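First up is the structure itself, then whatever we jot down about it.
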Number of protein chains: 2
Amino acid sequence: MQTLYSSPKQDGFYYPAEAAPHQGCLLIWPHRGDSWSYGGYAARETFVKICEAIAQSEEVTVCAPAAQYDNARLALPDHIRVVELSSDDSWARDTAPIFLIDGQGRRRGADFDFNAWGGLYNGCYFPWDLDRHLGRKVCDLYSIDRYDLQDFVLEGGSIHSDGEGTLLTTAACLLSPGRNPSLSQQEIEQKLLDCLGGETVLWLPRGIYNDETDEHVDNVAAFVKPGEMVLSWTEEEGDPQSPLCQENWEYLQAARDAKGRKLKVHKLPLPKPVTVSEEECRGLDCVDGKPARTPGERLAASYANFYLSNKNVIMPAFGDPMDEVAANILADCFLERTVIQIPTREILLGGGNIHCLTQQIPAGID
Amino acid sequence: MQTLYSSPKQDGFYYPAEAAPHQGCLLIWPHRGDSWSYGGYAARETFVKICEAIAQSEEVTVCAPAAQYDNARLALPDHIRVVELSSDDSWARDTAPIFLIDGQGRRRGADFDFNAWGGLYNGCYFPWDLDRHLGRKVCDLYSIDRYDLQDFVLEGGSIHSDGEGTLLTTAACLLSPGRNPSLSQQEIEQKLLDCLGGETVLWLPRGIYNDETDEHVDNVAAFVKPGEMVLSWTEEEGDPQSPLCQENWEYLQAARDAKGRKLKVHKLPLPKPVTVSEEECRGLDCVDGKPARTPGERLAASYANFYLSNKNVIMPAFGDPMDEVAANILADCFLERTVIQIPTREILLGGGNIHCLTQQIPAGID
């Protein structure tokens, strides 16, 4: 594995759309005591189902720290590879490299700095050194050369790409003082285009209410294909989420993508507010000497947090009447893929959902 | 990775000769404080040279425990892959699986039990659980199916194969009470043939004097090709090694391999006795509350502990007049390979040599 310090964009590399063909998917075994209730046992059952769904159409590798290797190996089926790899938590979307390709199908990893979603300003835990080093180890594991982009804090969940030059993010997250406070919005935009090989950045104002990632884009919206997207939606009166949805909608009405297109936007309904119970809070370790969650705290539930495997749309269910409505919308959007819906409350309790757990490895020639 | 409990031999799998084509080689970063003097820093310099020599003609992967990953990654060149993987010590020959192939070139790992060369009877350290689990992790890392052979203690260094049905071992090691005390020699022979796909086991009586592995065969002899081998040799009067060499010679005069051939044996001279210095002993952590080595202790130096990479014979040098003589003998034996000789005193101090550090992954189709 070579480490490169040049510009991915100038080298001809870009972030392909998630819908483009994958070699496989990387995930990380849930193990952190202040993220996963009661030792993570319930979360792991859901995690295994997600892995199995992905493995229906692409290779799956699960990273587990040494002390959890046996648990992961025994819980996961044989055709899923388990490798020993240390991490602080389990959100491969945010800690694994973003894999880029070039016109010839060669691959390189974009390895950004990571500070647990806000560092000492408003991050979720400290220290985060194992997560910060994970990108480098993953590139080495796959023998894929790596761009060292550690002068810029970025999580994969804060960026979507249409694969045709348009990057989608949220201002709420990328302009938060916990990420890159010394850079202006214009400088951040330039950095994104340079590191991920794009032409245009679309800045959705907001994400999902009370999302502890500072409102990651992957929890609120997703590309269906270039020029077309789904956007999480509610108009429920009194719900603090409603004005955020409205702001995003207005932004998108005026937006044009890298090809100059106006975006076709499908409203993807949100489930009713989901909150954490007292019993669930009791099963969580403390973080930095404080309770990890407070009973009644609203969780950032959203159907937009789905993963596009080679043949499936793997999406959350919350036991809500909207589960079926959202599944039908995604089925209509992704006609070449079959929707698999998995109840993911146990994952949501950890602070994310299916998309946050995954990182695709694009198909390529090396 | 599937785990199999059937008979490798009945499934058509066998242990190919080391001289057959390799995909690559697996090694483990030196890190154990009671094996490697003064934090292993000098051993690592030699280790890096060995890895570089192997990487001239095949892929090299180095496993490093989490705490040593950065040291390994920075010390090794980019084209060598480093993966996080826990171990107790660094002898991949003995702790990694032995990779088998079948007639179609499919590969499977033979994952035997490991007890640190003798368990609580006369093993080198306790506990050894990380080393014992390493074989399974390595199979998973390479996505190669695994035979669970954990009812039998066997180290790779105690077996050579000519790839044509002949396995070579030492009685001193395999009949030692620290391995499989409940099995007779005949039962052990049957187990070897069944697990490694052979027809005949040749039992050299002895190995190298004071070899703490109970006299592994890979430190005393090696196949040049089927029907032809090198045998470590001295006739020095008063050297306790001389009668061991004589016993081996006499055994081989009478032996026939799986094809009924008498073996052509090249005598490979041994260097003058090598002993550990007081200063070297001072740099070693204690093992089980006792000093790891005693000043003046004789080390098991031997030129037979070489590795056959795809294009090279990578062999030790000891700063002895015999270095050149031995190199010339191996050059004459392996006309299609170039000899690379590396001074390995720092590796020898850890209890083994180049061959002990390596485990070849045969080329195959999967």
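Placing a label point 7 Å from Cα along the Cα-to-Cβ axis, B:GLY296 is separated from the same position in the other copies by 7.9 nm, shortest listed first. One decimal place: the segment B:ALA254-B:GLN23 gains 79.6 nm when fully extended, by the rule 0.36 nm per residue minus the C-alpha distance.
Counting only DSSP H runs of at least 4 residues, each contributing -39500 (n - 2.57), and dividing by the residue count of chain B, the helix-based mean residue ellipticity at 222 nm comes to -7000 deg cm²/dmol. Each residue of region A:204-219 was assigned a 3J(HN,Hα) from its phi angle through the Karplus curve 6.51 cos²θ - 1.76 cosθ + 1.60 (θ = phi - 60°); the sequence is 4, x, 9, x, 9, 3, 6, 6, 6, 7, 6, 6, 4, 5, 6, 9 Hz, with glycine and proline shown as x. With a Förster radius of 22 Å applied to the C-beta separation of A:GLU278 and A:ASN210, the computed FRET efficiency comes to 0.80. Using the average count of surrounding beta-carbon atoms within 10 Å as a protection proxy, the listed peptides B:88-97, B:305-314, B:259-268 rank, highest first, as B:88-97, B:305-314, B:259-268.
The Cα atoms of region A:4-137 cover 47, 40, 23 Å along the three principal axes, with the biggest extent listed first. Counting only DSSP beta bridges with both residues in region B:14-362, the antiparallel share comes to about 40 percent. The calculated FRET efficiency for B:LYS290 paired with A:LYS49, based on their beta-carbon distance and R0 = 45 Å, is about 0.35. Checking the cross-link pairs A:LYS225/A:LYS311; A:LYS137/A:LYS191; A:LYS267/A:LYS311 against a 19 Å limit on the alpha carbon distance flags A:LYS137/A:LYS191; A:LYS267/A:LYS311 as lying beyond it.
Peptide A:130-140 shows a mean partner chain C-beta count of 3 within 10 Å per residue C-beta.
Charge dipole (Cα centre; +1 on Lys/Arg Cβ, -1 on Asp/Glu Cβ; no other charges) of region A:3-362 amounts to roughly 660 debye. By DSSP, the beta bridges lying fully in region B:227-353 are antiparallel in about 35 percent of cases. Within the shell of other residues whose beta carbon sits under 10 angstrom from the beta carbon of B:CYS25, the net charge comes to -2, with Lys and Arg scored +1 and Asp and Glu -1.
Report for the protein assembly as shown the percent antiparallel among DSSP-assigned beta bridges with both residues inside it, nearest 5. Given both bridge residues lie in the protein assembly as shown, the antiparallel proportion sits at roughly 40 percent.
Only the Cβ atoms of Lys and Arg (+1) and of Asp and Glu (-1) were treated as charged; on that basis the dipole of the protein assembly as shown about its Cα centre amounts to roughly 1140 debye.
Just name one of B:THR234, A:LEU335, A:PRO269: the one whose Cα is farthest towards the positive end of the charge dipole of the protein assembly as shown (beta-carbon charges, Lys/Arg +1, Asp/Glu -1). Farthest towards the positive end: A:LEU335. Classify chain B as rounded, prolate or oblate, taking a ≥ b ≥ c as the square roots of the eigenvalues of its Cα gyration tensor: rounded when a/c is under 1.5, otherwise prolate if a/b is larger than b/c and oblate if not. It comes out rounded by the Cα gyration axes.
Spatial offset of region A:208-275 relative to region B:74-106 amounts to 47 Å, using the alpha carbon center of each.
Here A:GLU324 and A:GLN2 are evaluated by their C-beta separation; at R0 = 41 Å the FRET efficiency comes out at 0.25. Simple rule: put +1 on each Lys or Arg Cβ and -1 on each Asp or Glu Cβ in chain A, find the dipole, and look at A:SER161, A:VAL82, A:GLY123; the Cα lying farthest toward the positive end is A:SER161. Across chain A, Cα pairs under 8 Å and at least six residues apart give a relative contact order of 23 percent.
The numbers here are math on the coordinates, done by the rules we state, and not lab data. Quick caveat, the model's predicted, so the values are computed rather than measured. Counting neighbours? That spans all protein chains shown, and the Cβs are built from the backbone with ideal geometry, glycine included.
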